[in-house]
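First the structure, in the form of structure tokens, and then the observations on it.
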Amino acid sequence: MTEENDGALAWGKLRYGKLVVTDAEGKVVPASLKIASKLAPTEVGERVLIAVNDLHAVYPLTVDPLVWIEQKVTASDGAAGDLFGISVVLDGTTALIGAVLADVGGDADQGAAYVFTNSGGSWSGVAKLTASDGVPGDHFGASVTLDGTIALVGASSADVAGNADQGAAYVFANSGGNWSEVAKLTASDGAPNDFFGRSVALDGMNALIGAYLADVGGNADQGAAYVFGNSGGAWSETQKLTASDGALNNQFGHSVALDGSTALVGAAIATVGGNFAQGAAYVFSESNGTWSESQKLTVSGGAAFDEFGHSVALDGAIALVGACGADVGGNADQGVAWVFSNSGGTWTQTAKLTGNGGAAGDCFGRSVALDGAIALVGAYHAEVAGQTDQGAAYMFTGSGGVWTQTAKLAASDGAAGDFFGGFSVALDGTSALIGAPGADIGGNSNQGAAYFFGGSDLALAVSSPAGVAQGEDFLSQAIATNSSADSSAAISVEVLVPAGAAFVSANATQGSCSEAAGVVTCDFGAISGNAGTATANVTLTATGAVGDTIVNTAEVSKTTPALGASDSTEIVANSPPVAEDGTLMTSVNTAASGSLVASDPDGDPLTFSIVAT
């Protein structure tokens with residue numbers, strides 16, 4: 001468990017960020033996420049506390065952080081050395097994960113890619129993609145991309161027409177849930193060792209494929225990228241892109257991104273201002289079917305071996321470029337990711353992202369992803385909880401040109417050498433997919449894994465009466481709200497049967513509830529987006545003494561309190577009977593059926609009949 005110095009916090013399979021607490025009048029209440037030992041002696045481990053300064057707050061409080069729920073996936077037929085998770089892509093309820101060194105039918109390192117789909121907040125494998133003509137050493141799955149029902153998978157070491165490691169890319173289409181290979185793409189002028197397919201991007205009817213070690217005009221390893229178009233279901237090469245000032249060993253095409261009529265190509269080893277391997281990225285724009293270079297992106301203050309352009313992402317008027325070799329505050333190779341914004345056709349450097357708590361050698365920026373104003377940056381050499389090279393990924397949100405880190409994600413079961421987030425990260429809204437190709441699975445070294453983090457802007461509030469008479473039943477409600485545009489991952493809420501109360505019954509507005517050992521668990525499943533809600537209704541009986549306070553609490557998740565809220569109910573005395581003339585009766589005798597016999601404060605007897613109303 002880790003407590004981040006930026007207010008974000010991570011524990012088990014959940015991650016926090018963007019904590020907001022408001023009271024019953026809508027006022028923001030100062031709050032922070034803390035880690036503390038659990039108070040109950042029978043409980044083991046630690047818990048998350050949301051520390052609230054409620055000096056002037058009006059209860060009940062609403063606690064609203066951004067929560068990510070983790071799910072780990074592996075290949076059903078995975079084996080040692082597959083490197084499952086070396087490449088990942090996420091598009092809505094479909095994900096594609098590459099296993100570049102997977103053996104296929106006895107062919108060593110041919111490679112494969114696995115399709116996963118989301119149903120009810122849970123991800124499961126549905127298909128395994130392989131090349132129809134694959135052979136040993138193709139490295140199919142070196143890169144993957146996905147757009148709707150079309151998938152593109154790079155096989156960067158495939159031999160083509162006798163050219164060793166020229167590289168190829170394969171197009172797959174989904175029809176009725178069945179994925180089938182529909183095209184094999186190769187460069188028209190490909191040559192040995194081009195490694196075409198090292199990077200791939202896909203948007204609508206266009207594909208962009210990098211060949212980062214292609215020789216251009218006598219410049220070895222200058223690099224190139226190829227545009228392919230789909231017309232009537234047939235894919236064909238339409239243009240070859242190179243840098244206007246390309247030079248020896250630039251490795252143009254090391255990374256590629258595509259969004260509509262804009263393409264972004266990284267050249268991580270480009271020399272800039274005499275700085276070898278400072279790196280650059282090139283913007284291309286399409287007009288009437290022709291792509292032309294419109295701008296070269298570099299950063300002010302860049303240095304040799306920054307490797308700016310090692311990774312790139314593009315979404316509308318925002319670009320994200322990783323420079324994992326950049327030094328930060330004296331930390332060599334800590335890494336940086338740069339944000340660029342497009343205004344009137346000109347791209348301008350607008351933000352520099354670094355991971356809070358970053359350290360030398362993290363290689364932050366080795367992988368990047370972008371969806372609107374949300375960015376995800378991998379740091380595969382990051383040390384987590386003392387585990388060298390376990391890796392981490394950082395999420396940022398931009399607003400008004402200012403980018404703020406909202407979460408640091410790491411695998412709950414991560415280990416040294418997993419390289420989580422280093423080679424691939426993917427993003428769709430606040431949901432993330434992060435590869436850990438070095439993860440050991442069931443004794444299989446480097447089989448690899450991938451982790452889904454289902455992000456939802458969840459809020460949890462507890463509502464209960466301010467007071468209840470001793471022995472009376474009352475309702476405690478735990479209300480979860482999802483303010484994200486998309487449905488949440490499947491969640492459960494635990495409502496504790498508090499001291500001073502006894503359980504009577506429970507139900508939920510969606511899903512079902514059960515009680516065991518003083519804990520009511522309501523499994524909501526996925527909560528719909530756009531302010532969708534789910535409520536746990538728990539009926540309790542006040543059993544404590546008059547004057548006791550019943551603290552009604554609820555937490556998200558069965559085992560980890562990723563999100564919690566509470567409200568208080570006071571046990572009050574039963575209201576004494578009042579005579580018709582307003583005289584307060586101090587004692588009541590109900591032994592006589594059908595009547596109450598009492599006395600007023602002066603001791604005068606009062607008798608009256610019970611009348612049903």
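On the accessible surface of segment 85-150, probed at 1.4 Å, how many percent belong to carbon and sulfur atoms?
Reported share for carbon and sulfur atoms: 48 percent.
Please calculate how many Å² of accessible area segment 97-138 carries per residue, with a 1.4 Å probe and no DNA, RNA or ligand atoms counted.
Working: 1590 Å² over 42 residues.
About 38 Å² of surface per residue is accessible.
Estimate the FRET efficiency between Q295 and T509 by the formula 1/(1 + (r/R0)^6), using the beta-carbon distance for r and 60 Å for R0, to the nearest 0.05.
Values: r = 52 Å, r/R0 = 0.87.
Between Q295 and T509 the formula returns 0.70.
Run the quick spin-label model on D133 and A466: label points 7 Å from Cα toward the beta carbon, then report their separation in nm to one decimal.
Between D133 and A466, the label points sit 7.8 nm apart.
Where the centroid of each part is defined by its Cα atoms, how far is segment 494-550 from segment 368-445 in Å?
If we compute the Cα centre of each part, the gap is 35 Å.
Pop a pseudo-label 7 angstrom from the Cα along the beta-carbon direction at both L248 and N356 and give the gap in nm to one decimal.
In this crude spin-label approximation the distance works out to 4.6 nm.
Two decimals is fine: what's Rg over Rh for segment 500-544, C-alpha atoms, Kirkwood radius as Rh?
1.07
Determine the sum of side-chain charges near N250: Lys and Arg each +1, Asp and Glu each -1, restricted to other residues whose C-beta is under 13 angstrom from that of N250. Walk me through the numbers on the way to the answer.
On the way: positive: K296; negative: D215, D221, D245, E307.
Its environment carries a net charge of -3.
Can you give the local net charge around R198? Use residues other than it whose beta-carbon is closer than 14 angstrom to its beta-carbon, Lys and Arg +1, Asp and Glu -1.
Numbers: positive: none; negative: D138, D165, D194, D221.
For residues surrounding R198, the net value is -4.
Extending each Cα 7 Å along its Cβ direction at E570 and A173, get the distance between those two points in nm, one decimal.
That separation, rounded to one decimal, is 7.1 nm.
In Å, what is the Rg of the alpha-carbon atoms in segment 205-348, and how long is Dmax?
Every Cα atom of segment 205-348 included, Rg and Dmax give 15.0, 54 Å.
Just order 262-270, 302-310 by mean Cβ neighbour count inside 10 Å, highest at the front, would you? Mind dumping the intermediate values first?
On the way: 262-270: 28.4, 302-310: 23.7.
Answer by packing, highest mean first, reads 262-270, 302-310.
Taking the highest mean first, how do the peptides 321-334, 78-91 order by number of other beta carbon atoms within 10 angstrom per residue? Write out the running numbers ahead of the final one.
Values: 321-334: 21.2, 78-91: 24.8.
In descending order of packing, they fall as 78-91, 321-334.
Provide the net charge surrounding T543, with neighbours chosen by a C-beta distance below 15 Å and charges set as Lys +1, Arg +1, Asp -1, Glu -1.
On the way: positive: none; negative: E472, D473, D548, E570.
Value of the local net charge: -4.
Give me the log10 of I(q) over I(0) for segment 66-163 at q = 0.19, 0.20 Å⁻¹, as the Debye formula computes it from C-alpha points; what are the numbers?
-0.86, -0.93
Between M205 and K240, 0.36 nm times their residue separation minus their Cα-Cα distance comes to what?
Details: separation 35, 0.36 × 35 = 12.60 nm, distance 1.64 nm.
Gain on stretching M205 to K240: 11.0 nm.
Heavy atoms only, 1.4 Å probe, whole protein assembly: order Y451, Y212 by accessible area, highest first. The partial results should precede the final answer.
Values: Y451 0, Y212 40 Å².
Putting Y451, Y212 in descending order of accessible area: Y212, Y451.
Past 28 Å, Cα to Cα, is the threshold; run K240/K408; K128/K352; K72/K296; K352/K408; K296/K352; K72/K128 against it and keep the listed order. Walk me through the numbers before you get to the answer.
Numbers: K240/K408 38 Å; K128/K352 38 Å; K72/K296 39 Å; K352/K408 17 Å; K296/K352 18 Å; K72/K128 17 Å.
Too far apart for the 28 Å limit: K240/K408; K128/K352; K72/K296.
Please give the length that would be gained between V402 and A161 if that part of the chain were fully extended, namely 0.36 nm times their separation in residues minus their C-alpha to C-alpha distance (nm, one decimal).
Taking 0.36 nm per residue and subtracting the Cα distance, the gain is 81.7 nm.
May I ask you to compute the full-extension gain from A516 to S261, defined as 0.36 nm times their residue separation minus their alpha-carbon distance, rounded to one decimal in nm?
Working: separation 255, 0.36 × 255 = 91.80 nm, distance 5.75 nm.
Value of the extension gain: 86.0 nm.
Is the C-alpha gyration tensor of segment 108-248 telling us rounded, prolate or oblate? Criteria: a/c under 1.5 is rounded; beyond that, a/b larger than b/c is prolate, otherwise oblate. Please report the intermediate quantities before stating the final value.
Working: a/c = 2.10, a/b = 1.64, b/c = 1.28.
Prolate, because a/c is 1.5 or more and a/b exceeds b/c.
The values are calculated or read from the model by the stated rules, or taken from the named source; none is laboratory data. Here the structure is a predicted model, which is why all the values come from computation and not from measurement. We place every Cβ from the backbone using ideal geometry, glycine too, and count neighbours over all the protein chains shown. Calculation scope for accessible area: heavy atoms of the full protein, side chains included, ligands and nucleic acids excluded. Shrake-Rupley method; radii C 1.70, N 1.55, O 1.52, S 1.80 Å.
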